[in-house]
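The values are calculated or read from the model by the stated rules, or taken from the named source; none is laboratory data. Since the model is a prediction, treat every value here as computed from it, not as a measurement. Note that we place each Cβ from the backbone using ideal geometry, even for glycine, and neighbour counts take in every protein chain shown. SASA here: full protein model, heavy atoms, side chains in, ligands and nucleic acids out. Shrake-Rupley method; radii C 1.70, N 1.55, O 1.52, S 1.80 Å.
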Amino acid sequence: TAEPTEEATEEATPDEGEPTAEPTEDVIPTAEATEEPTAEATEEVIPTAEATEEIIPTPEPSVTPTDVPLPTATLMPTATPLPVGLPLADAFESGLGWTASGAWRVEPQGGRSGAGWYADSTQRGLVSTLTYNAQIDLRAAQYPTLSFWQQATLAGVDVASVEVSLDGLSWLPVDVQAGMVLGWSERVVDLSAYRGQLVYLRFRLDTTAVLPDGSVISGWWLDDLLVQDVPPTPTPLPTEPPTATPLPPTLTFTPTATETPIPPTATPTETPVPPTETPLPTVEVLPEALPPVTTEEAAP
């Protein structure tokens with residue numbers, strides 16, 4: 001057992017001498033390792049400055065809230081939607097006061113006289129609307145009526161309509177025309193179903209349907225709009241006087257029947273009066289007796 005121990009000790013002693021010098025040399029790379037990471041760590045701090053630069057955009061959103069009150073000037077449109085009373089007339093010379101979407105546009109010479117609105121129906125697959133910006137006041141109207149002049153060349157599948165809304169969101173048609181082909185003519189729409197209310201008004205052209213082959217189309221023109229209170233009550237009033245006219249003829253027949261027998265009775269009473277005057281010529285007998293008396297006096 002002693003032999004292996006000596007060999008182990010002998011082997012350990014030379015090994016301890018040699019490796020002791022070697023680890024002292026190995027310490028040098030430890031210094032290099034310490035220098036390299038420290039330099040790299042200092043370089044990595046730089047992006048922290050970049051993070052500080054990213055904070056700079058934060059004042060920009062702070063500017064936007066200050067701009068938010070500027071859009072509060074949109075309260076100005078609250079002045080524009082003030083209700084418009086009747087009569088409301090628009091010749092469409094400028095297009096102001098209307099909001100157009102889709103194929104609607106103002107044509108300088110597209111109206112019945114001067115400018116007018118025009119919706120191009122050759123642009124397919126569209127629902128084009130022309131909306132009046134303000135509300136129309138029908139609260140004092142008894143018989144509100146909408147009238148406008150139109151001209152159109154539309155396909156049978158195209159639908160042109162007039163719509164009314166109470167809130168500007170949901171719309172109900174009050175007049176629908178499909179496949180119009182006509183020259184300038186006036187269109188009258190009854191709005192009495194909405195009297196006593198504030199309403200929005202718009203024109204709508206639907207060209208979403210597939211165009212049939214051979215269709216000739218161009219569009220829908222509008223001009224000279226008028227919303228007014230037109231009472232239809234005066235028209236039946238003239239019809240009542242003719243009902244009173246048959247009454248006088250019935251009364252005239254009765255007096256004529258009573259008066260006709262009276263004149264014949266009066267005529268015979270007047271005719272015997274002249275014969276009573278005829279005996280007056282009998283007085284002429286007296287002058288016939290006088291001449292013989294004068295003859296006797298003339299003889300001596």
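With the checklist (1) at pLDDT 55 or above; (2) exposed (fewer than 10 other Cβ atoms within 10 Å of the Cβ) in hand, flag the one item PRO279 doesn't pass.
Among (1) at pLDDT 55 or above; (2) exposed (fewer than 10 other Cβ atoms within 10 Å of the Cβ), the lone unmet condition for PRO279 is (1).
Kindly establish whether ARG124 is under 30 Å from GLY214 (Cβ atoms) and without any contact (Cβ under 8 Å) to a residue 60 or more places away in the chain. It would help to see each step written out before you state the result.
Values: under 30 Å from GLY214 (Cβ atoms): yes; without any contact (Cβ under 8 Å) to a residue 60 or more places away in the chain: no.
No, not satisfied.
Would you check which residues across segment 196-225 are within 23 Å of TYR132 (Cα to Cα), among the charged types (D, E, K, R) and more than 15 Å from the chain's Cα centre (by Cα) and list them?
ASP206
Is there a residue being in a loop (DSSP other than H, G, I, E, B), at pLDDT 95 or above and β-branched (Val, Ile, Thr) anywhere in segment 186-208?
Checked segment 186-208: at least one residue is in a loop (DSSP other than H, G, I, E, B), at pLDDT 95 or above and β-branched (Val, Ile, Thr).
I want to confirm something. Restricting to segment 155-192 and keeping residues that are among the polar types (S, T, N, Q) and free of Cβ contacts under 8 Å to residues at least 40 places away in the same chain, which single residue is least open to solvent (accessible area, probe 1.4 Å)? Spell out the reasoning first.
First, pick out the residues of segment 155-192 that are among the polar types (S, T, N, Q): 161, 165, 170, 177, 185, 192.
Restricting the remaining residues to those that are free of Cβ contacts under 8 Å to residues at least 40 places away in the same chain gives 165, 170, 177, 185.
Working: SER165: 2, SER170: 73, GLN177: 18, SER185: 40 Å².
That would be SER165.
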